[in-house]
1. From the residues Gly283, Met223, Thr152, which one has its Cα farthest along the dipole of the range 8-315 in the positive direction, the dipole being from +1 and -1 charges on Cβ of Lys/Arg and Asp/Glu about the Cα centre?
2. How many angstrom lie between the C-alpha centres of the range 213-266 and the range 1-75?
3. Considering all alpha-carbon pairs of the range 237-328, what whole percent are spaced by more than 22 angstrom?
4. Can you tell me the length gained on complete extension of the stretch Ala243 to Arg270, counting 0.36 nm per residue apart and subtracting the Cα distance?
5. Multiply the residue gap between Arg197 and Glu298 by 0.36 nm, knock off their C-alpha separation, and tell me the result in nm, one decimal place.
6. Would you please name the GluC sites (Glu not before Pro) within the range 184-281 that are DSSP coil residues with at most 12 other C-beta atoms within 10 Å of their C-beta?
7. Along the range 87-103, what does the Karplus equation 6.51 cos²θ - 1.76 cosθ + 1.60 (θ = phi - 60°) give for ³J(HN,Hα), rounded to whole Hz, x for Gly and Pro?
8. Return the long-range amide H neighbours of Thr82 (sequence gap of 5 or more, or a different chain), with a cut-off of under 5 Å between placed amide H atoms.
Amino acid sequence: MAPETPGLHHVTAIAGDPQRNADFYVGTLGLRLVKRTVNHDDPGTYHLYFGDGEGTPGTNVTFFPWTDEGRPGQFGAGQTKTTAYRVPSASVDYWRDRLESRGVAVDVAERFGETVLRFEDPDGIEFELVATSEAHSVSDSASGGSNATPWTDGPVPTDHQLRGFHGVTLAVDSMAPTAAVLTDVLGYELADEAEGRRRYRSAAGGPGSIVDLVETDAGRGRMGVGTVHHVAFSVADVEEQAAWREAFADHGLSPTEVIDRKYFRSIYVREPGGVLVEMATTGPGFAVDEDAAELGSELVLPDHLEDERERIEAQLPPFDGPTVDADD
């Protein structure tokens, strides 16, 4: 039997222009660029990581910017529909004003007793900010309220900063096969259901432990700019990953071998509904190749690509680092 996962580790999506991408996630959402590297499987593409002050697992949204010339994606079954972050309940007005003042259209709704701010990033990827009283402290993980570390130099006051993931919404053509993976393999439990949405929560609980399922008749989605590439769940170490590989195989799925991503170790599996799932270790973390104070400031490469730095840098699109409004 596989160990329990506490919830999300990171979410990776495909963006267009890297400058526009970084300006939004840092300048607007107030996340920190904690790692500037390349896609290990496609070194001509950046891999940008945005998270809390330290890049804590459970706070990081990451992107492969394909540039605006990249193939546009098409949303459909087998994809992540929405990624949601937690914010304090007292921060709803702050975030609505901040987003709207920057030209971002915001829709406010109530779901499962929580206020939800819905919007899209510049590439059309859907995001939500979910207001919850449990997210009252950006550094109070002991209460279950947040696993985030404040970014004291960020453009958003620490009282209003994003508190890490709330959860993800997965769109599938039929809930049953994906629900079986959630409950029988990942150890999630059905927590609520309303208006065609089923909410599952990790038995281990804590921030980022929610997965919602919705059905869509849009047909199978197409990966490309403006879509989510994969969703990663947290595991403690490679010993746990061995148990996860066995659990997925026992369910009739075909997980990969363990892959070294330098900042964590990963296995991947595509669940029956089409969503690509990753199980990523919580360590060693982003400080293995940069001082914590300098995270994201320079392009860093895995050791096996360092000899190709000059060629790789020549292939990468222009990117000057995130731009932050001087008024923040």
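None of the figures in this text is laboratory data; all of them are computed from the coordinates on show. The structure displayed is predicted, hence computed values, not measured ones. Ideal geometry is used to build each Cβ from the backbone, glycine not excepted, and the neighbour counts take in all protein chains shown.
1. Projecting each Cα onto the dipole axis, the largest value belongs to Met223.
2. 16 Å
3. 51 percent
4. Result: 8.0 nm gained on full extension.
5. That pair, Arg197 and Glu298, stretches by 32.2 nm at full extension.
6. Glu195, Glu257
7. Listing the rounded values in order: 9, x, 4, 7, 9, 4, 5, 4, 6, 4, 5, 5, 5, 5, 5, 9, x Hz.
8. Thr169
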